[in-house]
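Bear in mind these aren't lab numbers, they're just calculated from the coordinates by the rules spelled out. This is a predicted model, so every value here is computed, not measured. Reconstructed Cβ throughout: ideal geometry from the backbone, glycine too, with neighbour counts over all protein chains shown.
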Amino acid sequence: MAAKGQSSAEKFSRWGITASNLREHLEEMPHVAADLAEMDRLIAEARALESQQEAIRGESVQRPPRLVGPQAAWRLDLQAMLACPAGNRRRP
């Protein structure tokens, strides 16, 4: 096989091609039917998990982290320091 891609999408694609090729020869090799069914199930599960991961990754990019408690106070102090001209900064 010439494909060398290592991304999950490329791997899943190769797995699907392998399953498809096996399906074509199932009459000649009936003993692989159970393994092929398991392979199809695993490919579907892997693709579903990849979609879920992408959705979660998309959510985290769209929504900036919300800081609460001491982190929020630190963030406000940092924003105030960055907004002040260099000569007017108070040192703790």
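Brief remarks on what is shown
- The modelled label-to-label distance for the pair Leu26/Arg41, using points 7 Å beyond Cα in the direction of Cβ, is 1.5 nm.
- Label point 7 Å beyond Cα of Ile56 along Cβ direction - residues of the stretch 2-31 with amide nitrogen under 18 Å: 8-9
- Taking only the Cα atoms of the stretch 8-65, the ratio Rg/Rh comes out at 1.22, with Rh defined as the Kirkwood radius.
- Of Ile43, Ile17, the sequence from fewest to most neighbouring Cβ atoms within 10 angstrom is Ile17, Ile43.
- Counting neighbouring Cβ atoms within 10 Å and putting the fewest first, the residues Leu22, Leu42 line up as Leu42, Leu22.
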